[in-house]
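In what follows, a single structure is set out as structure tokens and then discussed.
The values are calculated or read from the model by the stated rules, or taken from the named source; none is laboratory data. Keep in mind the model is a prediction, meaning the values are calculated, not measured. Counting neighbours? That spans all protein chains shown, and the Cβs are built from the backbone with ideal geometry, glycine included.
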Amino acid sequence: MADITVPVLGESVTEATVGSWAKAPGDAVAKDEVLVELETDKVSVEVSAAEDGVLTEILAPEGENVEIGALLGRIGAGNGAAAAPSAPAAESAAPAASGSGEQVKVAVPAMGESVTEGTLSQWLKQPGEAVAQDDPIAEIETDKVAIEVPAPVAGVLSETLVTEGTTVEIGTEIAVISAGAAASSTPAAAPAAAAPAASASSGAAVAPSVRRISAENSVNPADIPGTGRGGRATKGDALNFISQGGAQQAAAPSAASRELGPREERVKMTRLRQTIARRLKEAQNTAAMLTTFNDVDLTEVMAIRKKYKDTFYEKHGVKLGFMSFFTKAVVHALKEIPAVNAEIDGTDIIYKNYYDVSMAVGTDKGLVTPVIRDADAMSLAGIERELGRLAKLARDGKLQLSDLQGGSFTITNGGVYGSMLSTPILNPPQSGVLGLHRIEQRPVAINGEVKIRPMMYLALSYDHRIVDGKEAVTFLVRIKENLEDPERLLLDL
């Protein structure tokens, strides 16, 4: 028999709150396996098993305040068989579709680095419908991408445990599939208990102390920025949030809500749209953003495209577009003006000796910026091929988080929608974004004569904290020079 006690938690810390138990009585435990998480007003601490055995009892339930040295539970000898019988009984209670089969739970899969939760935006299958293995049954929307949840086995979707619009965490059980069963003629109705079950599951990872503090101050626990393991909010995070006016901030949107008129409707913003709004506002609030402009004569680029477009397509299988020329010109300019490719980290500047260019792509759900990796090492054909691949994934909603992370500079082309001029906004933590616009025939003076040329306005928005005006202007001039005389790119001038 081994006692589980509260360890020393640091200088001046005399008590903690039991956050969550990772094991239940009867569960087998291995030496050094995490049993329970304790929260102080400063940190979260994991308490591990001192030896192999079985967790025989829990003496300090979740949410209870405990002092240093207090007894939390006990570990006894055994293999953990005590708790096993209850699991099958619970699973057998799940309703099955016609043709009884093994009841397989479907859980939220891992959704990428740093992503711990998402919103179940829609069910792609309904209870009673047949599903094949790997068929998508639900779509979960994170703050970056939409992810489809596949069926782990073939059978019938017998029950949905979460309603659309519910926030779910990784590992949350959202459905039950009757493996090998045949579809019923009439789809079963979703259980009335789905909503409560979803609420319980979505809040399962919120520590009791955080729930209590949130309830006492009328705050949504999801609004509290977390510093604990897996991004979870700790007791200290909750107290800091409240002390810094978080309750008033959280209440502000509700107070600002107004009654709708007879021809108005209110639609909740998607998580992607909320993230876009938050990040754009953060960019405005953080960066000293400034925009400088220039124009470019695309006569030479258009002549090259016209001359070689058929041969280019026959050899490479992709069309020769404008974006590959702009990408090459941008990379060339970034090499000369490295500050535009850098970012600020506290009081340091991080210079990036790579050129991963984010390309803004408009979709039905909002703007996303997939990244073309190592654009400096790509040919024009390679850039066009990769851009086409990423744009298709974006439109189909199949981008992975890895496709969106790590860009060092962004190009956005409002010209495809007819924009004549704009001031693009930064994509943090990047320090520069280039805005392209529509090409239009305009009269320009060339060697004392008025010529009609295909002209485009360029706009560079940059963080003035790291990029000086001279550098920004020079950056745009280099792009202009390289596009008006593309041979400079070949000669690396």
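Overview of values
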| read-out | value |
| --- | --- |
| Residue count, region 333-365 (criterion: within 27 Å of G388 (Cβ to Cβ) and not polar (S, T, N, Q)) | 15 |
| Meets criteria (surrounded by 11 or more Cβ atoms within 10 Å (Cβ to Cβ) and not in a helix (DSSP H, G or I)) for Y308 | no |
| Of residues in region 268-285 being at pLDDT 70 or above and within 13 Å of the chain's Cα centre (by Cα), the one nearest to E139 (Cα to Cα) | T270 |
| Members of region 355-398 that are touching a His at 6+ places or on another chain (Cβ under 8 Å) and of a type in the set (D, E) | E384 |
| Subset of region 321-365 [assigned to a strand (DSSP E or B), in contact with a Lys or Arg (Cβ under 9 Å, 6 or more places away or on another chain) and over 21 Å from A459 (Cβ atoms)] | I344, T363 |
| Residue in region 168-178 that is polar (S, T, N, Q), crowded, with 22+ Cβ neighbours inside 10 Å, modelled with pLDDT of 85 or more and within 18 Å of P109 (Cα to Cα) present | yes |
| Residue among E282, E300 that is in contact with a Pro (Cβ under 7 Å, 6 or more places away or on another chain) and exposed (fewer than 14 other Cβ atoms within 10 Å of the Cβ) | E282 |
| Top-ranked residue of region 119-153 - restricted to ones that are part of a loop (DSSP other than H, G, I, E, B) and within 14 Å of the chain's Cα centre (by Cα), ranked as modelled with the highest pLDDT | T142 |
| Looking only at region 411-469, and only at residues there that are of a type in the set (F, W, Y) and at pLDDT 90 or above, the one that is farthest from V357 (Cα to Cα) | Y457 |
| Leading residue by the ranking (modelled with the lowest pLDDT) among those in region 350-385 that are buried (at least 19 other Cβ atoms within 10 Å of the Cβ) and under 23 Å from T119 (Cβ atoms) | V368 |
| From the options Y351, Y355, residue that is without any contact (Cβ under 8 Å) to a residue 24 or more places away in the chain, in the same structural domain as A472 (by TED's automatic domain parsing) and within 26 Å of the chain's Cα centre (by Cα) | Y351 |
| Residue match in region 289-303 (condition: among the β-branched types (V, I, T), modelled with pLDDT under 90 and either more than 25 Å from E440 (Cα to Cα) or in a helix (DSSP H, G or I) (or both)) | no |
| Hey, P109 within 31 Å of the chain's Cα centre (by Cα) and either under 30 Å from D403 (Cα atoms) or modelled with pLDDT of 65 or more (or both) or not | yes |
| Test: D297 is in contact with a helix residue (DSSP H, G or I) (Cβ under 6 Å, 6 or more places away or on another chain) and assigned by TED's automatic domain parsing to the domain that holds M420 | yes |
| Those residues of region 388-410 which are over 9 Å from P370 (Cα atoms) and crowded, with 21+ Cβ neighbours inside 10 Å, in sequence order | S408, F409, T410 |
| Of all residues in region 479-493 being of a type in the set (A, V, I, L, M) and not in a loop (DSSP other than H, G, I, E, B), the one that is farthest from the chain's Cα centre (by Cα) | L491 |
| Residue in region 87-94 that is touching a helix residue (DSSP H, G or I) at 6+ places or on another chain (Cβ under 8 Å) and at pLDDT below 85 present | no |
| Residue under evaluation L434, criteria (1) in contact with a helix residue (DSSP H, G or I) (Cβ under 7 Å, 6 or more places away or on another chain); (2) more than 12 Å from F293 (Cβ to Cβ), criterion not met | (2) |
